[in-house]
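Input: a single structure, listed below in structure tokens.
What follows draws every value from the coordinates through simple rules; no lab data is involved. Since this is a predicted model, take the numbers as computed values, not measurements. Neighbour counts are summed over all protein chains in view; Cβ atoms, including those assigned to glycine, are modelled from backbone coordinates with ideal geometry.
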Amino acid sequence: MRIEFDVPGQPFGKQRPRFAGHAYTPPETVAYEEKIKWAFRAAHGKQFDKGIPLTLQIFAGYPIPKSVSKVRREAMIRDEAMPIVKPDLDNVLKIVADALNKLAYADDAQVCEMYVRKYYAEVPKLHIVIEETEATRGVG
């Protein structure tokens, strides 16, 4: 099984918990996790069976700054320039994996393989692919 879907808008990373007498998740993080969940459900995503190893791929399309020259813009579109901007890839991965936990898969421990990439996009979005991992892949 393979599920593929987009989350429109600029990629957002998982924020650290905040403390005000107790720990809580920042509202922006909660809202973006809900956006990911909505996009998964809209893709008719159903939960992968428990115990199935999964591959998670995340392609984070960052907006092209309005201030760049036409030549630089074209280079960004051709992947000749990469976005060295926030949010960090590990925080993008964390927000996606946490949002899909108990929704796309029973436990995020099922994710055995990952690929995460930043790129510039004319239309910013996250493109997410979840699929069963081939068990024959291994090291050695």
Seminar exercise, completed: Rounded to 0.05, the calculated FRET efficiency for the beta carbons of VAL85 and GLU134 at R₀ = 30 Å is 0.35
Exercise. Convex hull over the alpha-carbon atoms of segment 55-140: what's its volume per residue in Å³?
Worked result: 121
Exercise. LYS66: which lysines have alpha carbons under 19 Å from its alpha carbon, excluding same-chain residues fewer than 8 sequence positions away?
Worked result: LYS86, LYS118, LYS125
Seminar exercise, completed: Mean Cβ-within-10 Å packing, highest first, puts peptides 70-80, 92-102 in the order 92-102, 70-80
Exercise. What full-extension length gain, to one decimal in nm, is calculated for MET114 and VAL71 as 0.36 nm per residue of separation minus the Cα-Cα distance?
Worked result: 12.2 nm
Exercise. With the calculation restricted to Cα positions, what are the radius of gyration and Dmax of segment 2-132 in angstrom?
Worked result: 15.9, 51
Seminar exercise, completed: Listed by chain and number, the aspartates and glutamates with an alpha carbon less than 18 angstrom from that of LYS70, same-chain partners under 8 positions apart left out, are ASP79, GLU80, GLU122
Exercise. By per-residue mean of other Cβ atoms within 10 Å, what is the highest-first order of 62-68, 11-17?
Worked result: 11-17, 62-68
Exercise. For segment 32-46, what does the Karplus curve 6.51 cos²θ - 1.76 cosθ + 1.60, with θ = phi - 60°, yield as ³J(HN,Hα) per residue in whole Hz, taken in order and with x for Gly and Pro?
Worked result: 6, 4, 5, 4, 5, 4, 4, 5, 5, 5, 5, 7, 6, x, 10
For this session: In nm, give the distance between the simple-model label positions of PHE19 and ARG2, each being 7 Å from the Cα along the Cα-to-Cβ direction.
Result: 4.6
Problem set entry | Student exercise, the chain dipole from Lys, Arg, Asp, Glu Cβ charges, in Debye to nearest 20 | 520
Seminar exercise, completed: Given the candidates SER69, ALA97, VAL85, the one whose Cα lies deepest towards the positive end of the charge dipole of segment 52-114, counting +1 at each Lys or Arg C-beta and -1 at each Asp or Glu C-beta, is SER69
